[in-house]
Amino acid sequence: MTASTIVGIDGSATARTAACWAARDARLHDSPLQLVSAACPSAGLVAESPQALEPLRRRAERALSDSRRAIAESGQAIAQIDWITSRIECAPPIPTLLDASSAARMLVVGNRGHRAADRVPLGSVAVALAEHCRSPLTVVRDPGPVVRESLSAAVVVGVDGSRASRRAATAAFAEAAVRGVALTVVHAWSDSDGSDRDPTTVSPEHDLIAWRNLRTRVATGWLDDELRSLRADHPTVRVRCSIVRDRPARALLDHAQAAQLVVIGARGRGGFDHMLLGSTGRAVLHGARCPVMVIPPDR
């Protein structure tokens, strides 16, 4: 049986949008859907004031009920999902959802909760989950109509040759296949990135235009090799490769404007070992208007 798709619910509009996205995703992947609400904002509340949990529990029940209603009103075919369950945990949201991610197929959350100010693009819960989640994580941004209107748009993935980007590419091909849409593979490079420059081929005096043309040809050949097995595994997926001279985050955000989903690795080639979420991942999570799927290092 496919593992559950789990969505964090806190009563916010973004959480309801995330629930609707998760319902469709669960249906596409034939996965059970579970709505989880944490009824305790702090670890010390249970010990200090257990009676305060009752109104929090009632609020969590309303949030779960509202999310179920939002799923039904969004037109999702609930009967095609194996089942939808709800549960309330008397614990803070971050440890609750991180624990749930251990056995989840996918964890889904809104980009910010009801406590976050409107100007905050990414709440503290989403940031913590992106850095520590054990399953793939999708961060969904409100408003909902953006998600519903882009269901025929492409899936976008960024690749840089790292193990993390290969895992992201594998996930992106699968997502494009199950959605029946095209896949845009983005590889970005800049003149300041000399990590794969061949000093015997390109000298410091080499003409700048020639260097850029050579760099693009090398990247094209490398990308063809990188994607060959994934293309063979997903022959129905239409693939468009975009090789650009730009910073990776800016290139991905540019393509994200017309995408239904962006898939990224938690940490790319430039990340340090102690970094759980790289700078490109942070920038895409903060700036993308479409849902962003983060593939953790161990998946």
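The values are calculated or read from the model by the stated rules, or taken from the named source; none is laboratory data. Keep in mind that this is a model prediction, so the values were computed, not measured. Note: accessible area is taken over every heavy atom of the protein model, side chains too, but ligands, DNA and RNA are not part of it. Shrake-Rupley method; radii C 1.70, N 1.55, O 1.52, S 1.80 Å.
Which sequence of Glu131, Glu54, Glu175 reflects their accessible areas, 1.4 Å probe, from the largest down?
In descending accessible area the options line up as Glu54, Glu131, Glu175.
Per-residue accessible area for His29 at 1.4 Å probe radius, Å² rounded to 10?
Estimated to the nearest 10 Å², His29 gives 40 Å².
What ranking of Arg87, Arg69 comes out by heavy-atom accessible area, probe 1.4 Å, highest first?
So, going from the largest accessible area down, we get Arg69, Arg87.
Sort Ile94, Ile264 by heavy-atom solvent-accessible area, probe 1.4 angstrom, most to least.
My answer, sorted largest first, is Ile94, Ile264.
Between Thr236 and Ser65, 0.36 nm times their residue separation minus their Cα-Cα distance comes to what?
Result: 57.7 nm gained on full extension.
In sequence order, what are the phi-derived ³J(HN,Hα) couplings for the range 100-112 according to the Karplus relation 6.51 cos²θ - 1.76 cosθ + 1.60 with θ = phi - 60°, rounded to whole Hz, with x for glycine and proline?
Using θ = phi - 60°, the values come out as 5, 5, 4, 10, 8, 6, 8, 10, 10, 9, x, 6, 8 Hz.
So how much accessible area does Leu151 have, in Å² to the nearest 10, using a 1.4 Å probe?
70 Å²
Would you pull out the residues with amide H under 5 Å of Val186's amide H, same chain only if 5 or more places away, H placed 1.01 Å from N?
Close amide H contacts, sequence-distant or interchain: Val157, Gly158, Val159, Ser242.
In square angstrom, rounded to the nearest 10, how much accessible surface does Asp254 have for a 1.4 Å probe?
90 Å²
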